[in-house]
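The values are calculated or read from the model by the stated rules, or taken from the named source; none is laboratory data. Being a predicted model, the structure only gives us computed values, none of them experimental. Cβ: placed from backbone, ideal geometry, glycine included. Neighbour counts: every protein chain shown. Note: accessible area is taken over every heavy atom of the protein model, side chains too, but ligands, DNA and RNA are not part of it. Shrake-Rupley method; radii C 1.70, N 1.55, O 1.52, S 1.80 Å.
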Amino acid sequence: MTKVLLNQGSNSIQILRGWGYYGIEYIKLKRIDPNIPKQVIKMDTLSNSKATPQAKALLDFMTSQYGKKIISGQQTLEDAKWIYKQTGKLPALVSSDLMDYSPSRVENGSTSNEVEKMIEWYERGGIVSLSWHWNAPKGIGGNEPGREWWRGFNTEFTSFDVEYALNHPESEDYKLLIRDIDAIAVQLKRLQDHNIPVLWRPLHEAEGGWFWWGAKGPEPAKKLYRIMYQRLTDHHQLNNLIWVWNSVKEEWYPGDDMVDIVSVDVYNPAGDHSPNIAKYDELLFLSKHKKLVSLAENGPIPDPDLLKTYGAHWSFFNTWTGDYLRDGKTNTKDYLKKVYNHDNVLTLDELPEGLYENP
């Protein structure tokens with residue numbers, strides 16, 4: 001069940017394929033009150049009782065903005081700066097990726113300065129978000145065309161079996177999982193040393209199965225997430241992380257005790273700026289209205305006017321890099337100007353001074 005806004009007179013409803021497949025028996029339309037009330041999020045404290053004051057302050061601020069303004073976000077610092085050239089505004093949030101810190105990529109010569117970029121962004125007053133395209137610990141390709149080592153986070157380009165590794169804690173494979181988590185902990189610790197809170201989104205898009213951490217179904221993915229949470233929080237004492245889960249399906253959800261924000265990635269067709277209300281409602285149901293709901297990756301940015309009309313109170317959006325931002329079709333320059341100058345969209349210059357001070 002979802003909501004759709006129809007104009008007076010004739011309307012055409014188009015159903016497009018997304019991830020996976022579905023069957024349709026019939027479509028039933030029912031009128032609802034257009035004055036959709038704000039759905040109240042009953043925020044609990046952060047899952048980590050030892051969370052830093054900066055992490056608490058950031059979540060408090062995000063909660064205070066819920067239903068009022070959507071926090072603007074962009075993947076990569078370079079693209080954020082490009083947005084400024086087009087709109088005169090910078091996003092409030094910049095997201096990056098710890099991919100090239102993966103040990104199996106480092107072994108093949110990869111380097112990264114994404115942590116330095118996130119420190120720079122934080123020092124400008126921005127919100128930092130991180131994901132991790134985790135290159136499989138082993139069983140990846142070399143330099144052969146089509147099987148290159150840098151493809152190793154995709155299921156089809158690795159022989160690494162996450163289910164086997166988790167079921168055999170004495171194995172080399174399990175130890176390599178822990179090795180990799182420990183390597184990423186080093187980078188996250190650099191951010192904690194600068195008092196930087198991080199919206200941390202590991203094992204993203206697990207339910208799709210195209211990444212090795214989701215290839216064996218929900219149980220191994222949830223188990224790996226919980227191991228990572230415990231390793232980073234208890235062993236490495238990383239208390240600057242706000243944990244963001246990235247799936248709408250109930251059977252994939254690792255549990256309220258280790259999730260602070262729920263999210264989904266949505267890539268509508270170019271120029272489709274719909275509010276993605278169905279996914280929003282699914283996440284509200286998943287979290288029982290206890291967590292903030294966010295659009296962790298998007299192609300077209302949802303129309304701020306439609307968000308208000310539909311009551312889709314996304315905490316933040318985060319537009320993906322490359323053509324999704326710059327092709328002139330997915331998000332035109334005129335549309336970007338509309339979004340970044342909209343009263344209901346929060347940009348960097350609108351973040352309060354002292355945001356990261358404990359209230």
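For region 9-29, which residues satisfy the criterion of being open to solvent by 100 Å² or more (accessible area, probe 1.4 Å) and modelled with pLDDT under 80?
Going residue by residue through region 9-29, those that are open to solvent by 100 Å² or more (accessible area, probe 1.4 Å) are 10, 12, 14, 17, 19, 21-22, 25-29.
Selection gives Gln14, Arg17, Trp19, Tyr21, Tyr22, Glu25, Tyr26.
If a residue must be buried (at least 24 other Cβ atoms within 10 Å of the Cβ) and in contact (Cβ under 8 Å) with a residue 40 or more places away in the chain, how many such residues does region 84-103 contain?
Restricting attention to region 84-103, the residues satisfying the condition of being buried (at least 24 other Cβ atoms within 10 Å of the Cβ) are 91-95, 102.
Now narrow it down to the ones that are in contact (Cβ under 8 Å) with a residue 40 or more places away in the chain: 91-93, 95, 102.
So the answer is 5.
Would you call Asn240 open to solvent by less than 10 Å² (accessible area, probe 1.4 Å) and either of a type in the set (A, V, I, L, M) or at pLDDT 95 or above (or both)? Can you show your working first?
Working: open to solvent by less than 10 Å² (accessible area, probe 1.4 Å): yes; either of a type in the set (A, V, I, L, M) or at pLDDT 95 or above (or both): yes.
Yes; evaluated as a whole, the condition is true for this residue.
Glu144 - would you say it is of a type in the set (D, E, K, R) and surrounded by 17 or more Cβ atoms within 10 Å (Cβ to Cβ)? It would help to see each step written out before you state the result.
Numbers: of a type in the set (D, E, K, R): yes; surrounded by 17 or more Cβ atoms within 10 Å (Cβ to Cβ): no.
Against the criterion (of a type in the set (D, E, K, R) and surrounded by 17 or more Cβ atoms within 10 Å (Cβ to Cβ)), Glu144 does not qualify.
Could you please give the count of residues in region 157-175 that are surrounded by fewer than 18 Cβ atoms within 10 Å (Cβ to Cβ) and in contact (Cβ under 8 Å) with a residue 40 or more places away in the chain? Break it down into steps so the answer makes sense when it comes.
Initial filter on region 157-175 (surrounded by fewer than 18 Cβ atoms within 10 Å (Cβ to Cβ)): 159, 161, 163-164, 167-172, 175.
Okay, now just the ones that are also in contact (Cβ under 8 Å) with a residue 40 or more places away in the chain, so 161, 163.
Of the residues in that region, 2 qualify.
Of the residues that sit in region 184-207 and are open to solvent by 30 Å² or more (accessible area, probe 1.4 Å) and assigned to a helix (DSSP H, G or I), which one is nearest to Val248 (Cα to Cα)?
Checking each candidate, the answer is Glu207.
Inside region 63-145, counting only helices (runs of 4 or more DSSP H) that do not spill past its ends, which hold 1 or more residues that are farther than 26 Å from Asp334 by Cα?
103-106, 114-123
I'd like to verify a number: residues in region 343-355 that are open to solvent by less than 30 Å² (accessible area, probe 1.4 Å) and part of a loop (DSSP other than H, G, I, E, B), how many? Let's see the steps before the verdict.
To start, the set of residues in region 343-355 that are open to solvent by less than 30 Å² (accessible area, probe 1.4 Å) comprises 345-348, 351, 355.
Keeping just the survivors that are part of a loop (DSSP other than H, G, I, E, B) gives 351, 355.
Summing the residues that are open to solvent by less than 30 Å² (accessible area, probe 1.4 Å) and part of a loop (DSSP other than H, G, I, E, B) in region 343-355 gives 2.
If Leu325 passes every condition in (1) within 19 Å of the chain's Cα centre (by Cα); (2) open to solvent by 30 Å² or more (accessible area, probe 1.4 Å); (3) at pLDDT 95 or above; (4) of a type outside the set (Phe, Trp, Tyr) but one, which one does it miss?
(2)
Can you say whether His289 is at pLDDT below 95 and open to solvent by 30 Å² or more (accessible area, probe 1.4 Å), as far as the supplied structure shows?
Yes: the conditions hold for His289.
All but one of (1) closer than 30 Å to Leu355 by Cβ; (2) open to solvent by less than 30 Å² (accessible area, probe 1.4 Å); (3) in a helix (DSSP H, G or I) hold for Asp180, so report the exception by its number.
Only one criterion in (1) closer than 30 Å to Leu355 by Cβ; (2) open to solvent by less than 30 Å² (accessible area, probe 1.4 Å); (3) in a helix (DSSP H, G or I) is unmet by Asp180, namely (1).
Identify, please: which residue in region 104-130 is open to solvent by 30 Å² or more (accessible area, probe 1.4 Å) and among the hydroxyl-bearing types (Ser, Thr, Tyr) and is, among those, farthest from Leu199 (Cα to Cα)?
Thr111
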